[in-house]
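Trainee: My structure is below; once you've seen it, I'll send some questions.
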Amino acid sequence: MTFINETISEVDKEKFYSFNFKNPVTLDPVKARKWTIDRESNAFLIGLGGQGSEFSEIPMFYAFVWKNDVIMMETFSRGTGNAQSGVELWWKITRIEIPEKLKSDKEVIVEQIKKAFDEYGSFHRRDHVKGVYFDVIAEPVFVRKVK
């Protein structure tokens, strides 16, 4: 199976809220709206808040949940084009925090993250995206406990 963008159903909201996601900038709880999910792999990507445009100082923060473990990321992105002709997107993932217990799964996790961002496209829309590229993918940092 692959990642898909979808509105979080009422049934899935309980799972989503069990992670207690907070916007790292405002500390407000993140509301369950949309996610990029691969149910077969038990993985999903969710935006937590921030800015993250190419020249901003504050990154856009994302959580990638893989087999119920939370991986935190800081990202910046840029794009060219428009909805009519199509857009191309470039990502810089400048920080990846992976729980230490997943160290042996690093390569698989990074590949899954890339697949999730590819499907995520432009704010959960992939229909007008011609390409997704990665300028930078930081070497993961392994932490005892992800915030």
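Trainee: Any residue at all in the stretch 23-35 that is more than 22 Å from Arg144 (Cα to Cα), in contact (Cβ under 8 Å) with a residue 40 or more places away in the chain and open to solvent by 20 Å² or more (accessible area, probe 1.4 Å)?
Mentor: yes
Trainee: Considering only the stretch 67-82, state which residues are out of contact with any Asp or Glu (no Cβ under 8 Å at 6 or more places or on another chain) and not in a loop (DSSP other than H, G, I, E, B).
Mentor: Result: Asp69, Val70, Glu74, Thr75, Asn82.
Trainee: May I pose another question? Touching a Gly at 6+ places or on another chain (Cβ under 7 Å) and among the aliphatic types (A, V, I, L, M): which single residue out of Val141, Val136, Val129, Val108 fits that description?
Mentor: Only one candidate qualifies: Val129.
Trainee: Among the residues that make up the stretch 90-103, is at least one of them among the aliphatic types (A, V, I, L, M) and over 14 Å from the mean Cα position of the chain (by Cα)?
Mentor: Within the stretch 90-103, one or more residues are among the aliphatic types (A, V, I, L, M) and over 14 Å from the mean Cα position of the chain (by Cα).
Trainee: Return a yes/no flag: does the stretch 37-56 have any residue that is hydrophobic (A, V, I, L, M, F, W, C), in a strand (DSSP E or B), modelled with pLDDT of 95 or more and open to solvent by 30 Å² or more (accessible area, probe 1.4 Å).
Mentor: no
Trainee: Could I ask something else about it? Could you please find all residues in the stretch 13-22 being over 15 Å from the mean Cα position of the chain (by Cα) and either among the acidic types (Asp, Glu) or open to solvent by 90 Å² or more (accessible area, probe 1.4 Å) (or both)?
Mentor: Across the stretch 13-22, the qualifying residues are Glu14, Tyr17, Asn20.
Trainee: Could you go through the stretch 44-51 and let me know if any residue there is farther than 16 Å from Phe123 by Cα and in contact (Cβ under 8 Å) with a residue 60 or more places away in the chain.
Mentor: No, there is no match, as no residue in the stretch 44-51 is farther than 16 Å from Phe123 by Cα and in contact (Cβ under 8 Å) with a residue 60 or more places away in the chain.
Trainee: For the stretch 85-104, state whether one or more residues are of a type outside the set (A, V, I, L, M, F, W, C), at pLDDT below 95 and either in contact with a Cys (Cβ under 6 Å, 6 or more places away or on another chain) or in a strand (DSSP E or B) (or both).
Mentor: Yes - at least one qualifying residue is present in the stretch 85-104.
Trainee: Okay, moving on. Could you look through the stretch 75-106, keep only residues that are of a type in the set (Gly, Ala, Ser) and within 21 Å of Ile46 (Cβ to Cβ), and pick out the one that is surrounded by the most Cβ atoms within 10 Å (Cβ to Cβ)?
Mentor: Taking the candidates together, the pick is Ser77.
Trainee: When you go through Glu74, Glu10 one by one, which is the residue that is modelled with pLDDT of 95 or more and either on the phi > 0 side of the Ramachandran plot or more than 14 Å from the chain's Cα centre (by Cα) (or both)?
Mentor: None of the other options fit; the residue is Glu10.
The values are calculated or read from the model by the stated rules, or taken from the named source; none is laboratory data. The structure presented is a predicted model; accordingly, all values stated were derived computationally and were not measured. Because the Cβ atoms are built from the backbone with ideal geometry, glycine has one as well, and the counts that use them run over all protein chains shown. Just so you know, the surface numbers come from the protein's heavy atoms only, side chains and all, with ligands and any DNA or RNA stripped out. Shrake-Rupley method; radii C 1.70, N 1.55, O 1.52, S 1.80 Å.
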